[in-house]
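All remarks here apply to the structure that follows.
The values are calculated or read from the model by the stated rules, or taken from the named source; none is laboratory data. What you are looking at is a predicted structure, and each value in this text was computed from that prediction instead of being measured. Every residue, glycine as well, gets a Cβ built from its backbone with ideal geometry; the counts of neighbours run over all protein chains shown. All accessible areas refer to the heavy atoms of the entire protein, side chains included, with ligands and DNA or RNA removed. Shrake-Rupley method; radii C 1.70, N 1.55, O 1.52, S 1.80 Å.
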Amino acid sequence: EELYSDSARKLSDGIDRIFDAMTGCPTYQVVAGGTPVDVTSQKLPSPHASGDEQWSQLLTFTAGGHSTVVKQTAIRDGSLLLIVSGSPALVDRHLDKALAQAPSTG
């Protein structure tokens, strides 16, 4: 989990740019510790969660013949931005709980 706070506009603009950059090219490669990692990205429909705005994407990381799938979902609720990343089933299961435990933005 990651938590950020700022004005609603700054949070929305910032996370929108990040998710667009990550999903704008459906396949790319990064290098981690000298190891090339192939990444495929896919925008997902917004989750049916609380909050003012939502973003979601599915990332597959492949290196050395092994793949890992990570779901990343961001929810902006007022001046708070929550990002939850992990296995798709766990992100879906714990998203509302993570948002409920976040500090109040009121």
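The table below gives the values:
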{"read-out": "Test: residue in the stretch 7-30 that is touching a strand residue (DSSP E or B) at 6+ places or on another chain (Cβ under 8 Å), in contact (Cβ under 8 Å) with a residue 24 or more places away in the chain, surrounded by fewer than 16 Cβ atoms within 10 Å (Cβ to Cβ) and more than 30 Å from P103 (Cα to Cα)", "value": "no"}
{"read-out": "Pair list, Cβ < 7 Å and 6+ apart or interchain, from the stretch 33-57 residues that are farther than 14 Å from V91 by Cβ to residues that are modelled with pLDDT of 90 or more and of a type in the set (D, E, K, R)", "value": "S50/D77; G51/R76; G51/D77; D52/R76; D52/D77; E53/R76"}
{"read-out": "Some residue of the stretch 81-99 being of a type in the set (D, E), at pLDDT below 95 and more than 13 Å from the chain's Cα centre (by Cα)", "value": "yes"}
{"read-out": "Meets criteria (over 21 Å from D13 (Cα atoms), part of a strand (DSSP E or B) and open to solvent by less than 40 Å² (accessible area, probe 1.4 Å)) for V39", "value": "yes"}
{"read-out": "Residue match in the stretch 58-72 (condition: outside any strand (DSSP E or B) and free of Cβ contacts under 8 Å to residues at least 24 places away in the same chain)", "value": "yes"}
